[in-house]
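The values are calculated or read from the model by the stated rules, or taken from the named source; none is laboratory data. Model, not experiment: these values are computed from the prediction. No Cβ is skipped: glycine too gets one built from the backbone with ideal geometry, and neighbour counts run over all protein chains shown. With ligands, DNA and RNA removed, areas are computed over all heavy atoms of the protein, side chains included. Shrake-Rupley method; radii C 1.70, N 1.55, O 1.52, S 1.80 Å.
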Amino acid sequence: MPDVLDASPYDALLLLSFGGPEGPDDVVPFLENVTRGRGIPKERLKEVGQHYFLFGGISPINDQNRALLDALREDFAGHGLRLPVYWGNRNWAPYLTDTLREMVRDGHRRILVLATSAYASYSGCRQYRENLAEALAALEAEGLELPKIDKLRHYFNHPGFLEPMIDGVVRSLAGLPEDVRDGAHIAFTTHSIPTSAADTSGPVEAHGDGGAYVAQHLDVARLVADAVTERTGVDRPWQLVYQSRSGAPHIPWLEPDICDHLEERHAAGVPAVVMAPIGFVSDHMEVLYDLDTEATAKAEELGLPVRRSATVGADPRFAAAVRELIVERAAAERGQVVTPCALGALGASHDLCPVGCCPARATRPAAAGADSPYA
């Protein structure tokens, strides 16, 4: 039997994700949840939903989360971490408020949250914290005893997150025709966000040109590229590029877009490209449509050989990283001296989001941070 790892004071883990439709009838209601308060007509949502309809109205993110839940539970059991794992979503069933209510009724009072977003940004961190605050407010209105909630730190530079991505790029390079393999370019992709949101991502001291969001992605790209060079013996060029832009065209978003980048690289004479989606934990809709469908079609139009490397998903090394992050955070909460595990130039992220971190345009309560109304 494995030694029992100490997760105290925590008594449960909540996997918190975006959610997605699980059938054609779910698509428009799901998009209404995502865009609530923006006044977008239903007909426009049906147009936006065409990406989902191409895949039967089913987003792969839910099955990805189920696989990750299984991987976490298997890893925890195999390493003596006695911590039950629950799952809640922001925009589709199982809904966050329902899951949190279940956890409270099951007697849990110190809850750690793992968000399926590895980087600092409003949509990738603070919005999740706002959703947690909304859920806590709903439970408070029901007269339930509120748990104390903490969120695991950003894990973009944890070895257990990086190593599966490195392997994915190496495998993708090996899948290219031999005559173009050594000259291949690596396009590291992530979700584009408004430049104003990028510039104010992370703690106040990180605000500026691209903020923590761009800096963290660049650090990961360098780490992966350097590891790929070491494993293959070839130093390949790379660039951080963006995908999945949405919103009004007059608002500046991070660029270049992956399709524009493929055109530019082809014009420059690059013989092949590996698209490495380092900004995504799993192969959800943005990966399947924007890379596997749209960008791949652009590459075929250009006659440019491309491969898309795998996301981390439910890789056992990622599950092990989550276990290590839990044990690390629990020890810190108990007042022990902890040396956080992190690679690259930026070091380990903060445990507690400080005031002014990834601000929203309209101030809303956010849990699990220094400005949380729920102590």
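Could you tell me the distance between the Cα centroids of the range 9-51 and the range 95-138, to the nearest Å?
16 Å
Convex hull over the Cα atoms of the range 251-318, averaged projected area in nm²?
Value for the range 251-318: 5.5 nm².
Figure the gain on full extension for residue 74 and residue 174 (residue separation times 0.36 nm, minus the Cα-Cα span) and round it to one decimal in nm. Each step should come with its number before you reach the end.
Numbers: separation 100, 0.36 × 100 = 36.00 nm, distance 3.08 nm.
Computed gain between residue 74 and residue 174 is 32.9 nm.
Binned at 5 Å from 0, what are the whole-percent values of the Cα-Cα distance distribution for the range 197-285, short to long?
3, 11, 18, 21, 22, 15, 7, 3, 1
Got a sec to turn the phi values of the range 355-365 into Karplus ³J(HN,Hα) couplings, 6.51 cos²θ - 1.76 cosθ + 1.60 with θ = phi - 60°, whole Hz, x for Gly and Pro?
4, x, 7, 6, x, 8, 5, 10, 5, 9, x
Given Cα positions, please report Rg to Rh for the range 132-210, the hydrodynamic radius being the Kirkwood one.
Value, to two decimals: 1.20.
Run the numbers on the range 107-185 and let me know its relative contact order in percent, using alpha-carbon pairs under 8 Å that are six or more apart. Walk me through the numbers before you get to the answer.
Working: 47 pairs, mean separation 28.0, N = 79.
So the answer I get is 35 percent.
Provide the net charge surrounding residue 223, with neighbours chosen by a C-beta distance below 15 Å and charges set as Lys +1, Arg +1, Asp -1, Glu -1.
-2
For the chain, how big is the tail of P(r) above 33 Å, as a whole percent of Cα pairs?
The proportion of pairs with Cα distances above 33 Å equals 29 percent.
In the full protein assembly as shown, how much of residue 70 is accessible to a 1.4 Å probe, in Å² to the nearest 10?
Approximately 90 Å² of residue 70 is accessible to the 1.4 Å probe.
What's the local net charge at residue 328, with K and R +1, D and E -1, over the other residues with C-beta under 14 Å away?
Here the charged neighbours net out to 0.
What is the Cα radius of gyration of the range 169-240 over 2.2 N^0.38 Å, N being its residue count?
Dividing the Cα radius of gyration by 2.2 N^0.38 Å gives 1.35.
Over the range 109-241, what is the relative contact order in percent, taking alpha-carbon pairs closer than 8 angstrom and at least six residues apart?
Reported as a whole number, the value is 28 percent.
Quick one: divide the alpha-carbon radius of gyration of the range 296-370 by 2.2 N^0.38 Å and tell me what you get. Show your work: numbers first, answer last.
Working: Rg = 19.5 Å, N = 75, 2.2 N^0.38 = 11.3 Å.
Ratio of Cα Rg to 2.2 N^0.38 Å: 1.71.
Which distance in Å, rounded to a whole number, links the C-alpha centroids of the range 305-352 and the range 162-188?
Going from one Cα centre to the other spans 24 Å.
Set the Förster distance to 41 Å, then compute FRET efficiency between residue 248 and residue 141 from the Cβ-Cβ distance, nearest 0.05.
That gives a FRET efficiency of 0.70.
Calculated from DSSP H runs of 4 or more alone, at -39500 (n - 2.57) each and per residue, what is the 222 nm mean residue ellipticity of the chain, nearest 500?
Working: 13 runs with 144 residues, N = 375.
The per-residue figure over the chain is -11500 deg cm²/dmol.
Summarise the accessible area of the range 1-47 (1.4 Å probe, protein heavy atoms) by the percent that is carbon and sulfur.
On the range 1-47, the fraction of accessible area on carbon and sulfur atoms equals 50 percent.
Among 240, 352, 83, which one moves the most in a GNM of the chain with springs linking Cα atoms closer than 10 Å?
352
For a Förster distance of 25 Å, can you work out the FRET efficiency between the beta-carbons of residue 297 and residue 345, rounded to the nearest 0.05? List each step's numbers first, then the result.
Working: r = 36 Å, r/R0 = 1.45.
Once rounded, the FRET efficiency stands at 0.10.
Once the cut-off is 21 Å, how many percent of the Cα-Cα pairs in the range 41-108 end up in the long-distance tail?
46 percent
Among 290-298, 38-46, 184-192, 112-120, how do they line up by average Cβ neighbours within 10 Å per residue, starting with the highest?
Numbers: 290-298: 18.2, 38-46: 10.8, 184-192: 24.7, 112-120: 22.9.
Result, highest mean first: 184-192, 112-120, 290-298, 38-46.
Using a Gaussian network for the chain with springs between C-alpha atoms less than 10 Å apart, which of these wobbles most: 124, 78, 202?
Looking only at 124, 78, 202, the largest GNM fluctuation is found for 78.
Mind checking the alpha-carbon convex hull of the range 75-155 and giving the volume per residue in Å³?
Dividing the Cα hull volume of the range 75-155 by its residues yields 101 Å³.
From the square roots a ≥ b ≥ c of the eigenvalues of the alpha-carbon gyration tensor of the range 1-137, which class results: rounded (a/c under 1.5), prolate (a/b over b/c), or oblate? Mind showing how you got there, number by number?
Numbers: a/c = 2.56, a/b = 1.81, b/c = 1.41.
Prolate shape, in that a/c is at least 1.5 and a/b is the bigger ratio.
What does the convex hull of the Cα atoms come to per residue for the range 205-342, in Å³?
168 Å³
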